[in-house]
Each structure stands twice: as structure tokens, then as C-alpha cells.
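Before any comments, here is the structure.
The values are calculated or read from the model by the stated rules, or taken from the named source; none is laboratory data. Note that the structure is predicted; figures quoted are calculated from it, not measured. Here Cβ is always computed from backbone atoms with ideal geometry, including for glycine, and neighbour counts include all displayed protein chains. Ligands, DNA and RNA are stripped out before the accessible areas are found, and what is left, the full protein with its side chains, is counted by its heavy atoms. Shrake-Rupley method; radii C 1.70, N 1.55, O 1.52, S 1.80 Å.
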Amino acid sequence: MAAHQEKKSEERNHKSTQNNAQAPQVQWGRAWEVDWFSLASILFLLMFAPLIVYYFIMSCDQYQCFLTAPLVDLLTGKARLSDIWNKTPTLTYTAAGIYTVWVAFQVILYVFLPDFCHKFLPGYVGGVQEGAVTPAGAVNKYEINGLQAWIITHALWFANAYYFHYFSPTIIFDNWIPLLWCANILGYVVSTFAMIKGYFFPTNAKDCKFTGNFFYDYMMGIEFNPRIGKWFDFKLFFNGRPGIVAWTLINLSYAAKQQQLYGQVTNSMILVNVLQGIYVLDFFWNEAWYLKTIDICHDHFGWYLGWGDCVWLPYLYTLQGLYLVYHPVQLSTANATGILVLGLIGYYIFRTTNHQKDLFRRTNGNCKIWGKKPEYIECSYMSVDGTKYYSKLLTSGFWGWARHFNYTGDLMGSLAYCLTCGLEHILPYFYIVYMTVLLVHRCIRDEHRCLSKYGKDWKRYTAAVPYRLVPGLF
């Protein structure tokens, strides 16, 4: 589920280079009609996704991260649901204050502080940037300042930890479950407001979609780009902030708690902070590029993104660090080195593969990949108005190895995160299982759309690049 993973995976879909800038906008994120399977899936997520998050966090808080222990206790009669619930920390004024200040601070950094990083960081693209053309023909402008917000936030965090001492660096861990209730409140409030806004005062009425099914519209969203004022864009803010800015702070709080409890920070905790920190920084460094991805170009804003970014992302993507607070792991030098290498290679594949695609698209194929002129399949497709358009599908570089080789790099990095925790518990491995299921499903769904779009040209492409993720295997 969830926002950030949706973003993380969708942004890496193998999109083609279009020769005509006026190519039609394909609605990837929404349907006009809802079939029974989609409705059943949505009802399942709406009912059980919040419970899944609670179960994981509660398992650590009450059962030392033994994921099956609560179920065993319930099935054997050793505990009742009411017993577990009564032991769960409740919402507190302290947590509410922390969360309110946090979100308000990120709003201030997003809306009121123009980017200055692009003025002195070579290669970084920030400041005011244009997004893609919306289905209604609008072109939204965005203030790209995520990297700046991340830097300012973390500079203040370290200044407090080492100089001011206004609050403990363990503050996030110490209030983790009360903050969960705050995050849920914001997620539901934002999602509900987005739906009401779509019905009664949309930013652009022509960019709204209604299926007539309340649950689908609530889950997947009605408005394409809900905004307040000129600059506050719901989709960009909640996809990138506050959840992703918080990701590295959460890991730092886990490390501080480990130091407090055991007198040291283990090398496994350091690896989690470093590897996941690289991913977060990569996201913000490429935030302008993110405007051209499927998240922003095609997805609507609903509970899936609103709640997912507020709750699912910060609580389930940080399970490795949480686990290491309860079960500190000191890896051998060989194991730590191997995990670090695996994570860095995965990141290199992920970033290089995306760079090759982006370079090929920006230059319309007039570039070099691995020192050679790129190879590609020329395709054509018809728009709904009968206009014919042409595209090119890259078949060289990493894109010649597999049709979604960027996913492969992503999975390697995800596995590295999990391996830092050793092999004693299954809880920290939720991330790699979730990512594998999600990305394999994305492969199949993406290719089904491409086959419908390109027809026989897509078959020529799959003949040229026969594997999806792993050359020679799948």
C-alpha cells in the first residue's frame, strides 16, 4: 500500500520517449469504472491497512518484535484483544504538540522559503519548476525546495542534539505510538478534506474524476492536483514531506535510543541510517525530475496517498531501525561490508538505470549509453481522438538487460536494509516481501497497459528484451 512505495515504484516505470510534446495524458492512477476485484481490494486496504501498521508497531512495543507472538497469545487464550489494546499508549498532549509543530514547520519550509540550494549546488535543479500538462491542459508550477527543507531540518536536529538540548534526540522513539495516532488523524483528515474539496471546490474541475463509487473515489482520489493558494500542492507536499524528511530523523532517533540503552550504536544501525539516508537524499536531489513521473502526472490524490504518506511510509519503512532498538545486532566486519556493498550496488543500478532512461528521453535518443549509440524499438499508438503518435523504447544499457532493471536495483537495496537485522526475526523482512510483491505486480500491470497501448510493437520490444527483472530467470 502506500504512498511513498507507490511513488517509489511508479516513478521507475519504463516510460517511453515521446517525439510529440502534445501526446495525450494517460490516466494510470484512476479508473472510470470500478470492477468487483478493485472494489474488494480497496475495501480490504481501507479496513486492514491501519490494523497492519498497528500490529507491527504493537508487536515491537509489547512483544519485543516477535511478530507471531500476539497471535499465539490470542489463539491460546493467554491474552485478549482488550488486554493488548489496554497496554497500548494513548494519544498524549505531548505527542499532539510535537506532531503539530512538525507538520507546521514543514509547511512553512515548503510554502514560504524559496529554494536557494540550486544557486550553489552544481547539477541540482531546484526553485520554480513546471510540471507536466494535466488532462485538462493546465501546467502547474512547483517550488522545488525539498532538499533545502531536509538540510534545514537536519541542521536544526543536530544543533539541538549537540548544543541547545531543548529536547532529547530519542523524542521520536519515546513518543512513537502516541505519534501514530496523530499521523492517523492527519491522514484521515487530509484524505476526507481532499474528497470534499473535489466535490465542492476543486482547483480545476476538468481535472476531477468520479466513478460514482464512494469507496473507490475516497481511496484513489477525485482531484488530480488539489491545491490551496498558488503553491501548496497536496500531492507534492504529502508525497515528499513530511514523511520522507522524517524518515532519516526517525532513524537517527532510533540510533540515539540505542546509544541511551546500550551505551553504543551498533554497526547495523549505522548501516540502516546510511543506506536509507542515501535513498532519501537521492529522492530530494531528483525532486524536479519527480514532477515528470507517474505519481504527479497521472495519479489523483486520495486516501491512498494522503493516509499512506502520513502513516504507512514513516511507520513501516523504518521497521529495521525500530527492530534494532529492541534487538541490537553487531555484525561481523565481513557481513557489514557485504551488506554495504549490496546496498550500494543496488543503489547504483537503480540510479544509473533511471539516468539512462531519462537521458534517452530528454535527447530523443541522440546520446550515448555505455559509450555507444543507444538501441531502441520504434513504436506508434493512437490517441482517443484518432491522432497517431510515435515513441521509442530503449533496448540498450541496463534497459537491454531487463525491462524493469531499475526495480532489480531497488530490491537489492531493500534486501540490504533487512539483512542488517540478522536472521532471528521475520518482522524486519516485511519490507523486502512487500517490495517484491508490489514491484512484480507493477511489472505485470505496467506491461499489460503497454501491450494495450503499443500492440505488436510491444511484442517486438519484449522479444528484444525478454526478461522483466532478472536476466536469465524472470
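For every helix of n ≥ 4 consecutive DSSP H residues, a contribution of -39,500 (n - 2.57) applies; sum these over the chain, divide by its total residues, and give [θ] at 222 nm rounded to the nearest 500 deg cm²/dmol.
It lands at -18000 deg cm²/dmol.
Which of the aspartates and glutamates could a cross-linker span from residue 235 if the Cα-Cα distance has to be under 15 Å and same-chain partners fewer than 8 positions apart are dropped?
6, 10, 11, 130, 143, 207, 223, 287, 295, 299, 309
Please give the contour-minus-distance gain from residue 199 to residue 100: 0.36 nm per residue of separation, less the Cα-Cα distance, rounded to one decimal in nm.
Value of the extension gain: 32.9 nm.
Residue separation times 0.36 nm, minus the C-alpha to C-alpha distance between residue 230 and residue 370: what's the value?
That works out to 46.2 nm of additional length.
So, how do all the Cα-to-Cα distances of the chain break down into 10 Å bins, in percent, from 0 on up?
P(r) for the chain, in whole percents per bin: 4, 19, 29, 28, 15, 5, 0.
Among 442, 449, what's the order by accessible area (1.4 angstrom probe), most exposed first? Each step should come with its number before you reach the end.
Details: 442 10, 449 70 Å².
The residues order as 449, 442, largest area first.
Assuming a ≥ b ≥ c are the square roots of the Cα gyration tensor eigenvalues, decide whether the stretch 332-473 counts as rounded (a/c under 1.5), prolate (otherwise, with a/b larger than b/c) or oblate. Please report the intermediate quantities before stating the final value.
Working: a/c = 3.00, a/b = 1.83, b/c = 1.64.
Judged from the Cα gyration tensor, the stretch 332-473 comes out prolate (a/c at least 1.5, a/b above b/c).
Over the alpha-carbon set of the stretch 89-330, work out the extent along each principal axis and list the three values in angstrom, largest first.
Result, largest extent first: 58, 45, 30 Å.
Compute the angle between helix 93-111 and the longest alpha-carbon principal axis of the chain, please, reported from 0 to 90 degrees and rounded to the nearest 10.
Tilt relative to the chain: about 30 degrees.
With a cap of 15 neighbouring Cβ atoms within 10 Å, and only residues DSSP puts in a loop, list the chymotrypsin sites (Phe, Trp or Tyr not before Pro) found in the stretch 195-241.
Loop-located and lightly packed - 210.
Before I look further, what does the chain give for accessible area per residue, probe 1.4 Å, in whole square angstrom?
44 Å²
How would 68, 363 line up by accessible area, probe 1.4 Å, largest first?
Details: 68 80, 363 35 Å².
Sorted descending by solvent-accessible area, the residues read 68, 363.
Hey, what did the chain get for relative contact order, percent, Cα under 8 Å, at least 6 apart?
Numbers: 702 pairs, mean separation 104.9, N = 474.
After rounding, I find 22 percent.
Can you tell me how much longer the chain between residue 380 and residue 69 gets when fully stretched, taken as 0.36 nm per residue apart minus their C-alpha distance, in nm with one decimal?
106.5 nm
With a 1.4 Å probe and all protein chains in place, put 143, 378 in order of accessible area, largest first.
Ranking 143, 378 by accessible area, largest first, yields 378, 143.
For the stretch 305-341 and the stretch 256-279, what is the separation of their Cα centres, given in Å?
9 Å
Given labels modelled 7 Å from the Cα in the Cβ direction, how far is it in nm from residue 90 to residue 48?
Distance between the two pseudo-spin positions: 3.0 nm.
What's the angle, to the nearest 10 degrees (0 to 90), between helix 405-419's Cα axis and the longest principal axis of the chain?
10 degrees
Compute the helix-to-body angle for 430-454: its Cα long axis versus the longest principal axis of the chain, expressed 0 to 90° and rounded to tens.
Helix 430-454 sits at roughly 10 degrees to that axis.
Assign unit charges at the C-beta atoms only (+1 for Lys and Arg, -1 for Asp and Glu), then state the dipole size of the chain relative to its Cα centre in Debye, rounded to the nearest 20.
In total the dipole reaches around 1160 debye.
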